[in-house]
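Asks: Below is a structure I'd like to ask you about.
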Amino acid sequence: MDVEIYQEDGIGSGRTVPLDPTVFEIEPNDHVIWLDVKRIQAHQRQGTAKTKERSEVRGSTRKLYRQKGTGNARVGDAKSPIRRGGGRAHGARLRNYKQNLNKKTKRLARRSAFAYKAQNDNLRIVENFSMERPSTKELLELFDLLEVADQKILIITDGVQEGIIRSANNLSDVDVQEAGSINTVHVLNADVVILQEGALEHLTNILSTGEPVEA
């Protein structure tokens, strides 16, 4: 599959670039995508919720009154979960929500996400460009020329592009990521993916040759 390369002003350059079929033309695996998305979202959970249980609250351990003969319900000490000020029964505890997937599975999930974008014509390749000074207006003009305005956009850059990042800061529907830090959620959250030409090469090397990248 060949795709057109656009210039940084949004006009076609007259050149095309072939997409690696092992990355962009595979049959997407929905189950693997689900596994990777679940893993990424689990990593975002803090796991810091904590309530005190009866062994952790302050109070006497003396039985409040005798078991039988008072006419009241039987009760233990003041730290009982059924009493005001007592400990919480089965309360939240500190925990680690992280899940593990092997690299092969994570790589397949990312390839599947990109395959969906390529097959639905939601990939745009742009020549390497950098903004010497931030300009949201110039970025919006590029989106108009690429006919992707008013959509959720993911821009994948070849290395850190501070000018592009700062230009997109005011745009809630635009996400800018380096090729080496892309994960499955980044791709799925976008309607359209714009790749710099150098980023495409870097990304293809990562996903086809197995270069290790944590994302």
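The values are calculated or read from the model by the stated rules, or taken from the named source; none is laboratory data. Just so we're clear, the structure is a prediction, and the values are computed from it rather than from any experiment. Cβ placement follows ideal geometry from the backbone for every residue including glycine, while neighbour counts extend to all protein chains displayed.
Asks: Being surrounded by 14 or more Cβ atoms within 10 Å (Cβ to Cβ) and part of a loop (DSSP other than H, G, I, E, B), is that true of even one residue in the range 68-75?
Replies: From the range 68-75, those surrounded by 14 or more Cβ atoms within 10 Å (Cβ to Cβ) are 75; that's our starting set.
Checking which are part of a loop (DSSP other than H, G, I, E, B) leaves us with 75.
Looking through the range 68-75, at least one residue is surrounded by 14 or more Cβ atoms within 10 Å (Cβ to Cβ) and part of a loop (DSSP other than H, G, I, E, B).
Asks: Among the listed residues N102, N72, N29, identify the single one that is closer than 30 Å to G180 by Cα, polar (S, T, N, Q) and free of Cβ contacts under 8 Å to residues at least 24 places away in the same chain. Outline the logic, then answer.
Replies: Values: N72 fails: closer than 30 Å to G180 by Cα; N29 fails: free of Cβ contacts under 8 Å to residues at least 24 places away in the same chain.
The unique qualifying residue is N102.
Asks: For E53, work out the one condition from (1) touching a His at 6+ places or on another chain (Cβ under 9 Å); (2) assigned by TED's automatic domain parsing to the domain that holds A199; (3) part of a loop (DSSP other than H, G, I, E, B) it doesn't fulfil.
Replies: Status for E53: all satisfied but (2).
Asks: Among the residues of the range 121-139, is there at least one that is within 17 Å of Q7 (Cβ to Cβ) and part of a helix (DSSP H, G or I)?
Replies: yes
Asks: Can you tell me how many residues within the range 187-206 are closer than 22 Å to I5 by Cα, under 14 Å from the mean Cα position of the chain (by Cα) and not in a loop (DSSP other than H, G, I, E, B)? Write out each step before concluding.
Replies: Residues of the range 187-206 that are closer than 22 Å to I5 by Cα, as a first pass: 187, 190-206.
Checking which are under 14 Å from the mean Cα position of the chain (by Cα) leaves us with 187, 190.
Subsequent filtering for residues that are not in a loop (DSSP other than H, G, I, E, B) retains 187.
Here the count works out to 1.
Asks: While we're on this one: Within the range 140-162, which residues are surrounded by fewer than 17 Cβ atoms within 10 Å (Cβ to Cβ) and in a helix (DSSP H, G or I)?
Replies: Listed by number, the residues that qualify are L140, E141, D144, L145, E162.
Asks: Suppose the filter is of a type in the set (D, E), at pLDDT below 90 and over 27 Å from K98 (Cα atoms); does E8 pass it?
Replies: On the way: of a type in the set (D, E): yes; at pLDDT below 90: yes; over 27 Å from K98 (Cα atoms): yes.
Answer is yes for this residue.
Asks: Mind listing whichever residues of the range 1-30 are surrounded by 12 or more Cβ atoms within 10 Å (Cβ to Cβ) and not in a loop (DSSP other than H, G, I, E, B)?
Replies: Going residue by residue through the range 1-30, those that are surrounded by 12 or more Cβ atoms within 10 Å (Cβ to Cβ) are 1, 3-10, 13, 15-17, 19-26, 28-29.
Passing the criteria: V3, E4, I5, Y6, S13, R15, T16, V17, P21, T22, V23, F24.
Asks: For F129, are the conditions met, namely being surrounded by 14 or more Cβ atoms within 10 Å (Cβ to Cβ), at pLDDT below 90 and among the aromatic types (F, W, Y)? Steps first, please.
Replies: Details: surrounded by 14 or more Cβ atoms within 10 Å (Cβ to Cβ): yes; at pLDDT below 90: yes; among the aromatic types (F, W, Y): yes.
Criteria met by F129.
Asks: Then there is this: Which number in (1) touching a helix residue (DSSP H, G or I) at 6+ places or on another chain (Cβ under 9 Å); (2) not assigned by TED's automatic domain parsing to the domain that holds V126 marks the one condition that T61 misses?
Replies: Among (1) touching a helix residue (DSSP H, G or I) at 6+ places or on another chain (Cβ under 9 Å); (2) not assigned by TED's automatic domain parsing to the domain that holds V126, T61 violates only (1).
Asks: Let me ask something additional. State whether one or more residues within the range 106-128 are over 23 Å from the mean Cα position of the chain (by Cα), charged (D, E, K, R) and farther than 27 Å from T204 by Cα. Please lay out each step first, then the result.
Replies: Within the range 106-128, the first condition is being over 23 Å from the mean Cα position of the chain (by Cα), and the residues that meet it are 126-128.
With the extra rule that they be charged (D, E, K, R), the set shrinks to 127.
This time we only want the ones that are farther than 27 Å from T204 by Cα, so: none.
Within the range 106-128, none of the residues are over 23 Å from the mean Cα position of the chain (by Cα), charged (D, E, K, R) and farther than 27 Å from T204 by Cα.
Asks: Determine whether T61 is part of a loop (DSSP other than H, G, I, E, B) and either under 28 Å from the mean Cα position of the chain (by Cα) or not polar (S, T, N, Q) (or both). Can you show your working first?
Replies: Working: part of a loop (DSSP other than H, G, I, E, B): yes; either under 28 Å from the mean Cα position of the chain (by Cα) or not polar (S, T, N, Q) (or both): no.
Answer is no for this residue.
Asks: Filter the range 79-120 down to the residues that are of a type in the set (G, A, S) and part of a loop (DSSP other than H, G, I, E, B) and list them by number. First the steps, then the outcome.
Replies: Taking the range 79-120 as the starting set, the residues that turn out to be of a type in the set (G, A, S) are 80, 85-87, 89, 91-92, 109, 112-113, 115, 118.
Within the range 79-120, S80, G85, G86, G87, A89, G91, A92 qualify.
Asks: For the range 29-45, does any single residue satisfy the condition of being at positive phi and of a type in the set (G, A, S)? Before you say what the answer is, go through the steps one by one.
Replies: Let us first name the residues in the range 29-45 that are at positive phi, namely none.
No, because not a single residue in the range 29-45 is at positive phi and of a type in the set (G, A, S).
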